[in-house]
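The structure under discussion appears below in the form of structure tokens.
The values are calculated or read from the model by the stated rules, or taken from the named source; none is laboratory data. The shown structure was predicted, so the numbers you read here are calculated from the model rather than taken from an experiment. Quick reminder, even Gly has a Cβ in these numbers, built from the backbone with ideal geometry, and neighbours come from all protein chains shown.
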Amino acid sequence: MDLNQLQSKAPNHFPPTAQYAPESLLPSCDTAPIRLNQELATTNITMAQKAQKTLAARNTAALNRTHLISLIITILFLLLRTTLLHRTHTLKPFILLNLPAWLIEIWFERIGRPTKDAATGDLKRAGEDLEAKGLTEWMWDVLYWTWGCTVIAAVVGNRAWWLYLAVPVYSAYLAFSTYSGMRQGFAGMGGGDGAAAGSGGSGGPSKRQAKMEKRGGQRVQYR
């Protein structure tokens with residue numbers, strides 16, 4: 001029997017290389033965290049885009065509604081005060097006291113109107129949140145009160161514009177409340193730091209110091 005026949009009859013301890021898959025096709029434990037991070041990032045991006053679209057839709061509806069109400073009230077005032085009811089001799093109070101409301105509308109339009117890409121139509125900027133607290137909320141209050149004063153003035157005359165004095169009074173009250181709150185907050189922070197320093201500096205000895213003093217006294221007595 002020649003050498004070739006012996007090699008053919010010998011057991012093949014090594015399977016063909018085709019049975020082994022390349023390392024690139026084998027699952028790796030190191031890629032699991034990467035895939036998880038990618039999925040989380042995709043989810044966060046999707047949620048952020050959805051929130052931006054919701055904010056854009058809410059801002060658009062609020063701005064359109066605000067401009068429509070303002071236009072209707074202005075037309076109603078001019079119609080009632082110039083033709084149907086007692087004719088007014090001047091429109092200066094109306095223009096002067098509605099000017100802040102018109103400026104607020106312009107400001108809201110500037111910061112809150114969403115913008116889209118002209119080519120693709122995708123949302124580029126959702127705008128600022130027009131339902132935010134603080135200064136934005138105060139602007140809405142001024143706008144609503146101006147509308148109310150305008151409607152009342154359209155019915156009863158220019159005497160109703162005295163109601164507009166509530167705006168500076170309300171603004172001064174809010175400013176004073178904000179200042180008082182900030183002052184109390186700073187005073188509380190300073191008082192807390194002072195109390196902590198006082199308790200650390202003027203407090204009694206620690207437990208370790210008391211034990212050491214006690215042991216020292218006992219040694220003196222033994223002597």
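Here are the numbers for this structure:
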{"read-out": "Of the criteria (1) part of a loop (DSSP other than H, G, I, E, B); (2) under 28 Å from the mean Cα position of the chain (by Cα), which one ALA119 fails", "value": "(2)"}
{"read-out": "Qualifying residues in segment 121-152 (those that are surrounded by 15 or more Cβ atoms within 10 Å (Cβ to Cβ) and in contact with a Lys or Arg (Cβ under 8 Å, 6 or more places away or on another chain)) - the one nearest to HIS89 (Cα to Cα)", "value": "LEU130"}
{"read-out": "Every pair of residues 6+ apart whose Cβ atoms lie under 8 Å, when the first sits in segment 127-151 and is closer than 16 Å to ARG113 by Cβ and part of a helix (DSSP H, G or I) while the second is of a type outside the set (A, V, I, L, M, F, W, C) and at pLDDT below 95", "value": "THR136/GLU128; THR136/ASP129"}
{"read-out": "When residues of segment 101-116 are limited to those that are surrounded by fewer than 18 Cβ atoms within 10 Å (Cβ to Cβ) and touching a strand residue (DSSP E or B) at 6+ places or on another chain (Cβ under 8 Å), the one modelled with the lowest pLDDT", "value": "LYS116"}
{"read-out": "Of all residues making up segment 153-162, the number that are surrounded by fewer than 16 Cβ atoms within 10 Å (Cβ to Cβ) and in a helix (DSSP H, G or I)", "value": "4"}
{"read-out": "Of the criteria (1) in a helix (DSSP H, G or I); (2) farther than 19 Å from ALA62 by Cβ; (3) not acidic (Asp, Glu), which one HIS89 fails", "value": "(1)"}
{"read-out": "Residue list for segment 95-120, restricted to those being within 18 Å of VAL167 (Cα to Cα) and not small (Gly, Ala, Ser)", "value": "ILE95, LEU96, LEU97, ASN98, LEU99, PRO100, TRP102, LEU103, ILE104, GLU105"}
{"read-out": "Selection status of LYS92, touching a strand residue (DSSP E or B) at 6+ places or on another chain (Cβ under 7 Å), of a type outside the set (A, V, I, L, M, F, W, C) and either more than 23 Å from TRP162 (Cα to Cα) or surrounded by fewer than 17 Cβ atoms within 10 Å (Cβ to Cβ) (or both)", "value": "no"}
{"read-out": "Selected residue (only one of THR46, THR74, THR54 is surrounded by 14 or more Cβ atoms within 10 Å (Cβ to Cβ), of a type in the set (Ser, Thr, Tyr) and either assigned to a helix (DSSP H, G or I) or within 18 Å of the chain's Cα centre (by Cα) (or both))", "value": "THR74"}
{"read-out": "Segment 17-51 - residue that is under 26 Å from LEU123 (Cα atoms) and hydroxyl-bearing (Ser, Thr, Tyr) and, of those, modelled with the highest pLDDT", "value": "THR46"}
